[in-house]
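Down below is the structure, laid out as structure tokens.
The values are calculated or read from the model by the stated rules, or taken from the named source; none is laboratory data. Predicted model only: the values in this text are computed from it and were never measured. Every residue, glycine among them, receives a Cβ derived from its backbone with ideal geometry; neighbour counts consider all protein chains shown.
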Amino acid sequence: MTSDDRREFQRLHLAKPILASLDDGSALVLDIGIGGALIEHYGAALPGDQFKLLFRWQGEDVAFLCEVKRTRIVREQPGAETVTSHSGVRFVDAAGKSATLLTDMMATFVGKVLSAQRANASGEVGGTSAATLAQLGGARRARTRGWLTYRYVDGGWNVELSRSPLQPVDGFTVAAHEDEDELQTLCDTYVASDEEGRRLIRLVAELSAKGGA
């Protein structure tokens, strides 16, 4: 497996940041993925710092214990005591059903983005496709464990069983239990997408791959 295959989890850039709390302070979630997020917050941080991140999705609390992996000050006014930082954090522990809520939120956001991309490209409404894509990762089936890796090579698909949920650079990896019709939709959307669209498809696939362990 190449070093590119081992990169961090995909993160979705949020066109509208999510208002959140960081321990007792306010924050904005700028990017988010299943493994972590990019947070804008007041004050400086250090790698290794831990805090509770809390935001709302569909009327419910989503809360994670987070660890700072990297951070930088982005705004600092001379003479002012408060600075603004951007911190990349890893999700260490989920409170209650926060992991499930995050998966549902990510699938919804990515499905809408891909639907809009398809609509712009074809002039058609892609809602059905988005709904199908959003089902990936939300499945709770367990008839088959493990993963399938799809690689798009020389205009065709190579499919193989995988021991790892990591995403390849030339395709995607999903839980082996996913429905064949849904996977065909994912393949068709991948072929029709640009590089950013394919990155988002890998993000959708990560949501599925989480359930294949």
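With the requirement that a residue be touching a helix residue (DSSP H, G or I) at 6+ places or on another chain (Cβ under 7 Å) and surrounded by 20 or more Cβ atoms within 10 Å (Cβ to Cβ), what does the range 35-62 give you? Break it down into steps so the answer makes sense when it comes.
Initially, the range 35-62 is screened for residues touching a helix residue (DSSP H, G or I) at 6+ places or on another chain (Cβ under 7 Å), giving 57, 60, 62.
Result: Val62, single match.
Just to verify a result, which residue in the range 5-19, among those that are over 16 Å from Gly36 (Cβ atoms) and surrounded by 11 or more Cβ atoms within 10 Å (Cβ to Cβ), is modelled with the highest pLDDT? Break it down into steps so the answer makes sense when it comes.
Start the filter on the range 5-19 by keeping residues that are over 16 Å from Gly36 (Cβ atoms), which leaves 5, 15-16, 19.
Checking the rest, the ones that are also surrounded by 11 or more Cβ atoms within 10 Å (Cβ to Cβ) come to 5, 19.
Numbers: Asp5: 35, Leu19: 90.
Only one residue fits best here, namely Leu19.
If Ala99 satisfies all but one of (1) assigned to a strand (DSSP E or B); (2) within 27 Å of Leu166 (Cβ to Cβ), what's the number of the condition it fails?
(1)
Condition first: under 18 Å from the mean Cα position of the chain (by Cα) and not assigned by TED's automatic domain parsing to the domain that holds Ile32. Can you find one or more residues in the range 150-157 that meet it? Steps first, answer last, please.
From the range 150-157, those under 18 Å from the mean Cα position of the chain (by Cα) are none; that's our starting set.
Among the residues of the range 150-157, not one is under 18 Å from the mean Cα position of the chain (by Cα) and not assigned by TED's automatic domain parsing to the domain that holds Ile32, which makes the answer no.
Step by step: first the residues of the range 23-73, then only those that are among the charged types (D, E, K, R) and under 19 Å from Thr103 (Cα atoms), then the one that is nearest to the chain's Cα centre (by Cα). Which residue is that? Step through it out loud before you land on a result.
Step one: list which residues in the range 23-73 are among the charged types (D, E, K, R), which gives 23-24, 31, 40, 49, 52, 56, 60-61, 67, 69-70, 72.
Adding the requirement that they be under 19 Å from Thr103 (Cα atoms) leaves 31, 52, 56, 60-61.
Values: Asp31: 9, Lys52: 19, Arg56: 17, Glu60: 19, Asp61: 18 Å.
Selected residue: Asp31.
Yes or no: Gly171 surrounded by 19 or more Cβ atoms within 10 Å (Cβ to Cβ), within 18 Å of the chain's Cα centre (by Cα) and at pLDDT below 80?
Values: surrounded by 19 or more Cβ atoms within 10 Å (Cβ to Cβ): yes; within 18 Å of the chain's Cα centre (by Cα): yes; at pLDDT below 80: no.
No.
Specify which of the listed residues (Gly36, Gly59, Gly96, Gly48) is at pLDDT 85 or above and under 30 Å from Asp170 (Cβ atoms). Don't jump to the end; show me each part of the working.
Working: Gly59 fails: under 30 Å from Asp170 (Cβ atoms); Gly96 fails: under 30 Å from Asp170 (Cβ atoms); Gly48 fails: under 30 Å from Asp170 (Cβ atoms).
The unique qualifying residue is Gly36.
Which pairs turn up if I take residues in the range 37-66 that are assigned to a loop (DSSP other than H, G, I, E, B) and look for partners that are crowded, with 18+ Cβ neighbours inside 10 Å with beta carbon separation below 6 Å, at least 6 apart in sequence or on another chain?
Between residues of the range 37-66 that are assigned to a loop (DSSP other than H, G, I, E, B) and residues that are crowded, with 18+ Cβ neighbours inside 10 Å, the close pairs are Ala44/Ser85; Ala45/Val68; Ala45/Thr71; Ala45/Ser85; Ala45/Ser87; Pro47/Val68; Asp49/Val68.
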